[in-house]
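Read the structure below first, then the notes.
Nothing in this text is a laboratory measurement; each read-out follows from the coordinates by a stated rule. Predicted model only: the values in this text are computed from it and were never measured. Heads up, the Cβs are rebuilt from the backbone with ideal geometry, glycines too, and the neighbour counts pull from every protein chain shown.
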Amino acid sequence: MYTQAFDIVVAGETSPVADDGDVQTAFLARIARDEKIEPQDAMPEAYRKTLIRQISQHAHSEVVGMLPEGGWITRAPSLKRKEILLAKVQDEGGHGLYLYSAAETLGVTRESLVEALHAGKAKYSSIFNYPTETWADIGTIGWLVDGAAIMNQVPLCRCSYGPYARAMIRICKEESFHQRQGFDIVRSLCEGTPAQKAMAQESINRWWWPTLMMFGPHDSDSTHTGEATDWGIKRISNDALRQKFVDVTVPQAAFLGLTLPDSAIMWNAERGHYDFGKIDWDEFWRVVKGDGPCNAARVSDRVAAFDEGRWVREAAAAHAAKSALSKASLKVAA
Ligand code: FAQ
């Protein structure tokens, strides 16, 4: 399993806390040596809490992220596209699973994390509160949203917390396939009829700015970057990742013959980067605080899916209990 050490802390208990001075110093020295911190290791309470916050928000994002695309599985334009989209949406569910498992190694229960999501108390990525209006949006999500997700997540493969870093390795491999399938959909539309190309352009116009918001607030407004960087969780800042994303995406859009909806995008030879326009942070915070176009629908759809899946969880638990019982009686007989 990618996320677990064998001797994890028991759910509901916490990892050994390293809040006294000497242990704190030893912990920071391990971080400085780039050693992985494992679930059974002593760690500062603030480090543990930051990881639970980030990993659970990430897990929720993967699971809520299944919804905007899931609605297009039955409407995909061909059997091939349907199969690919089905596999992609399943992958996102799997990513949620690895990440909830990684969070559980820190002593929280998955149930408590899911409850917070369903109660509307937990954050997940702002991007999934926008609607998928056309088939082109499925291409755009793969190309831009998965592209941004990879840009942010590749550095997390080197994160100081072992179970999170190992989960990210597999997730990034799969996200990279997702990004390519999205680019392939957009490319097909751009090589199709004028109406198909227009559909792709209209989709990019809607998704470009929300995608840039995925990287989080400017570094100057980012509350967690300082500590997360000191603790080896965050390796590259929000603004630096956003810039890297713009730099790789501008030439891709030019290759496709699409225009990014920002007249300020221009190569800056002095900086060696593309300049780009101002993000609407009011919109970002509105969406993060629950007032985006789809926030209410996303949470209620998740709650409904969880309720509808109750019988599957109960059946799996009953099967596991029955198997354990028959194994135990075989042992007694032997
Ligand atoms: N949306 O101090 P910072 C995907 C919050 S997965 C909502 O900068 P930090 C796969 C932040 O939580 C996409 N909230 O925070 C897929 C904090 O609030 P808090 C998710 C946001 O943690 C593709 C506050 O603002 N990826 O797409 C956002 O240092 C396609 C202050 O911010 C991850 O979760 C936002 N965009 O940096 C699935 C990657 N940005 O907790 C389906 C892991 C910030 O104090 C289809 N996470 N906030 O109440 C990270 O790398 C970091 O957590 C950041 C934020 C970079 C997201």
Listed residues VAL248, VAL63, VAL145, most fluctuating in the chain (Gaussian network, C-alpha, under 10 Å) = VAL248
Distance between the stretch 95-109 and the stretch 29-81 - C-alpha centres, whole angstrom = 8
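In whole angstrom, how long is each semi-axis of the equivalent ellipsoid of the stretch 105-215, when you take the square root of 5 times every eigenvalue of its Cα gyration tensor and sort them from largest down?
Working: eigenvalues 192, 63, 22 Å².
After diagonalising the Cα gyration tensor, the semi-axes are 31, 18, 11 Å.
Based on the mean of other Cβ atoms within 10 Å per residue, sort peptides 323-332, 148-157 so the most packed one is first.
Values: 323-332: 9.2, 148-157: 21.3.
Packing proxy ranking, top to bottom: 148-157, 323-332.
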When the convex hull of the C-alpha atoms of the stretch 251-294 is computed, what volume per residue in Å³ does it have?
-> 118
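What FRET efficiency do you get for ARG170 and THR259 if R0 is 41 Å and r is their Cβ-Cβ distance, rounded to the nearest 0.05? Don't jump to the answer; show the numbers that get you there.
Working: r = 35 Å, r/R0 = 0.86.
The computed FRET efficiency comes out at 0.70.
For the chain, what D do you get in µm² per second when you plug the Kirkwood radius from alpha-carbon pairs into Stokes-Einstein at 25 °C and 0.890 mPa s? Please list the in-between numbers first.
Values: Rh = 21.6 Å.
The diffusion coefficient I find is 114 µm²/s.
When ranked by the protection proxy of mean other Cβ atoms within 10 Å per residue, highest first, what sequence do the peptides 134-140, 109-115, 93-99 form?
Details: 134-140: 23.9, 109-115: 15.4, 93-99: 20.1.
Highest mean packing first, the order is 134-140, 93-99, 109-115.
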Any idea what angle helix 310-333 forms with the longest principal axis of the chain, computed on alpha-carbon atoms, 0 to 90 degrees, nearest 10?
-> 30
Computed over the chain: longest principal axis from alpha-carbon atoms vs helix 45-64 long axis, angle to nearest 10 degrees, is 50
Placing each pseudo-label 7 Å from Cα in the direction of the beta carbon, ASP34 and ALA304 end up separated by a distance in nanometres of 4.9
Where the convex hull is taken over the Cα atoms of the stretch 61-147, what is its projected area averaged over directions, in nm²?
-> 6.1
Where a ≥ b ≥ c are the square roots of the eigenvalues of the C-alpha gyration tensor, would you call the stretch 266-330 rounded, which needs a/c under 1.5, or, failing that, prolate if a/b is larger than b/c, or oblate?
-> oblate
Per 5 Å bin from zero, what fraction in whole % of the C-alpha pairs of the stretch 108-159 is there, up to the bin with the longest pair?
-> 5, 15, 16, 16, 18, 21, 7, 2
Determine the gain in length on full extension of the stretch LYS80-TRP281; use 0.36 nm per residue of separation and subtract their C-alpha separation, reporting nm with one decimal.
-> 68.5 nm
For the stretch 184-258, evaluate the Debye formula with one uniform point scatterer on each Cα (no solvent term) and list log10 I(q)/I(0) at q = 0.11, 0.12, 0.16, 0.23 Å⁻¹, rounded to two decimals.
-> -0.41, -0.47, -0.68, -1.00
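So what's the stretch 149-290 giving for Rg/Rh, alpha carbon basis, Kirkwood Rh from the mean inverse pair distance?
Working: Rg = 16.7 Å, Rh = 16.9 Å.
On the Cα set of the stretch 149-290, Rg over Rh gives 0.99.
Dividing the alpha-carbon Rg of the stretch 207-334 by 2.2 N^0.38 Å yields what?
Numbers: Rg = 24.3 Å, N = 128, 2.2 N^0.38 = 13.9 Å.
Its radius of gyration relative to the 2.2 N^0.38 Å reference: 1.75.
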